[in-house]
Amino acid sequence: MSLLLIFWEPLVALGILAAAGLSDLLGQSAVLLLNQVSPRRFLLCLSGGALLFVASALTWALGLFLLAWLFGLQLGLARCLYLVAYAHLPQLAGVLVFLPHFGAYLFHLIRAWVFFDLVVAVGWTTGCSLPMAIVCALPGWALHFNLTHLGWARGPWRRLMGQA
Amino acid sequence: MSWIGERLWLLWCFFWLLSLLVALSSPFEALRWWAGWKKPPPEPLIAPEAPSQGPFAVYLTGVAGFSGDFLSRRERGFLQRLQERVPGLQVVDDVFPYSATNNPLDGDRLLRALWVWLQKWRLKIPNNVFDLLIIMHNIGQTLVSSDRRYGPAYNSGVARAVAQRLRQKGFQKQAVYLVAYSGGAQIAVGLAPHLKKILECPLYVISLGGVYTDDPGIRAVDHLYDFKGTRDHLMPSLGWLLYPGRWRAAFFSPWNQARRSGKMSWQACGPITHIGSGDYFSAKQHLPDGTLYAEQSAALIAALIQR
């Protein structure tokens, strides 16, 4: 219980990321079905994918920390993790990407929203300029959403899906 | 807020929540079938008819459709008029275009009881509010057909069902006319490339107040004829509004390419509305020259088939 009280903030951050990842994958799960995966592989891919999403978001947080350090901004690693996690709140609606027609637009809208959330959060936390916040957030964002884009079905995704 | 107002508000919210659920679940049917998680319903055992010389038309109903077997009296009347005008015309009108597996709403489904109940009410009290759920289901399937992610799987399923029914009617590689009303037009352009691949025949789409998108399937159509009533504004405009590929600015979209290449023709056909007593199948309203709306629709389509 006391451990929970000490680590509640990182746990909440990781919980948000896992839920956002799961929601995002459910939204994109059409790709799995179109690849004719079995129900068992489908569930495996969702759970594995959520973990991969969290790992990828953590990489984004690490990238943000390194760039902030490089530019001399006052931003600790834990704070980077929280900012990245809370920026993912709109991603909780990622399941709506499954909607026919509108989902395709939502997919891009949500990704852009997450990015701008983080840019605003970095700017507000460190007091840096907007271009500086964008430079800090952009590389990690591009990497994160490349890794978690199911439609491209590369590397780890292809292995998880079994076939494509 | 008054007690009634609160209840109405709750009912309104419940309706939209239900609609969202219906829309969210709409790709599942096609995807589950495509992924092999669900077996398609068994094909009906109908003996193939003798090879036919007559032209072939496939009628794809609008988003109020319920099953392949169920067509409104007005639509039946219109198809009869069309067959009277084109001797030997073979019409396939029993494919349910809002299911990838030709599974009617009263077929093997989880919510079968709900759909049957709604249909029962619809037959008792036409145009009641519960009609909207059936329409929402079918709009969802139309959106699935037009979606670049789900469309290929969905449309190939419908094309398979259409091809099967055409073969049973004695099809021999003649031209096929897809006569589509309202949302059926999207299904028609969506299934066109798949049907063309299966049947290897000329393919024409004739739309009556059609709502369709910039579906790449439009490239496979030999020509698209779009008849539109001058009082049919909302639905066809909705297609334009929802699909940016139909805007002139989307210069390279399949829709604009087809338009520039002269593959599409539009014709106004009098003061016809999209739905209601003055729609394309109306046997009550008539034009200033005395022609019934349904008669005119049949005549326009017959003229295209007999060219």
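Nothing in this text is a laboratory measurement; each read-out follows from the coordinates by a stated rule. Since the structure is predicted, the reported quantities are computational estimates derived from the model, not experimental observations. Don't worry about glycine lacking a Cβ; one is built from the backbone with ideal geometry, like all the others, and counts go over all protein chains shown.
Overview of results
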quantity: Pairs from B:173/B:228; B:173/B:284; B:196/B:228; B:38/B:124 whose Cα-Cα separation, in the structure shown, is over 31 Å; calculated: B:173/B:284; B:38/B:124
quantity: Within the range B:279-293: backbone nitrogen closer than 15 Å to the residue B:76 label point (7 Å, Cα to C-beta); calculated: B:283
quantity: Simple spin-label estimate for residue A:12 and residue B:15 in nanometres, 7 Å along Cα-Cβ; calculated: 3.9 nm
quantity: Listed residues A:29, A:47, A:129, most fluctuating in chain A (Gaussian network, C-alpha, under 10 Å); calculated: A:129
quantity: Inter-chain shielding of A:92-101 (mean C-beta neighbours from other protein chains, 10 Å cut-off); calculated: 6
quantity: Relative contact order of chain B, pairs being alpha-carbon contacts under 8 Å that are 6 or more residues apart, as %; calculated: 18 percent
quantity: Rule-of-thumb Rg ratio for the range A:2-161 [Cα; 2.2 N^0.38 Å; N residues]; calculated: 1.06
quantity: Theoretical FRET efficiency, 1/(1+(r/R0)^6), r = Cβ-Cβ of residue B:85 and residue A:146, R0 45 Å, to 0.05; calculated: 0.20
quantity: Cα-centre dipole for the protein assembly as shown with unit charges at Cβ (Lys and Arg positive, Asp and Glu negative), debye to 20; calculated: 720 debye
quantity: Inter-part distance where the range A:87-121 and the range B:78-111 are each reduced to a Cα centre, Å; calculated: 40 Å
quantity: Inter-chain shielding of B:23-30 (mean C-beta neighbours from other protein chains, 10 Å cut-off); calculated: 4
quantity: Inter-centroid distance (Cα atoms) of the range B:139-190 relative to the range A:3-34, Å; calculated: 39 Å
quantity: Prolate/oblate/rounded call for chain B, Cα gyration tensor, a/c under 1.5 rounded; calculated: rounded
quantity: Net +/- balance of residues flanking residue B:130 in space, Cβ distance below 11 Å, scoring K and R +1, D and E -1; calculated: +2
quantity: Extent along principal axes [Cα atoms of the protein assembly as shown; Å; largest to smallest]; calculated: 82, 57, 45
quantity: Computed label-point distance, nm, for sites residue B:234 and residue B:125 using a 7 Å Cα→Cβ extension; calculated: 2.0 nm
quantity: Packing rank of A:102-112, B:214-224, where each peptide gets the mean count of other beta carbons within 10 Å, highest leading; calculated: B:214-224, A:102-112
quantity: Positive-pole candidate from A:136, A:25, A:45, dipole of chain A, charges at beta carbon; calculated: A:45
quantity: Net dipole in debye of the range B:56-305 [+1 Lys, Arg Cβ; -1 Asp, Glu Cβ; about Cα centre; nearest 20]; calculated: 300 debye
quantity: Kyte-Doolittle at least -1.0, axis length at least 27 Å by Cα - qualifying DSSP helices, chain A; calculated: A:8-28, A:39-70, A:102-126
quantity: Shielding score for B:31-42, defined as the mean number of other chain Cβ atoms within 10 Å; calculated: 3
quantity: At most 12 other Cβ within 10 Å, DSSP loop - GluC sites (Glu not before Pro), the range B:14-103; calculated: B:49
quantity: Residue-by-residue Karplus 3J(HN,Hα) for the range B:173-181, coefficients 6.51, -1.76, 1.60, Hz, glycine and proline x; calculated: 6, 6, 5, 10, 10, 8, 8, 10, 10
quantity: Segment residue B:132-residue B:4, extension gain: residue separation times 0.36 nm, minus the distance between their alpha carbons; calculated: 43.9 nm
quantity: Whichever aspartates and glutamates have a C-alpha closer than 14 Å to that of residue B:120, once near sequence neighbours (fewer than 8 apart) are set aside; calculated: B:106, B:131
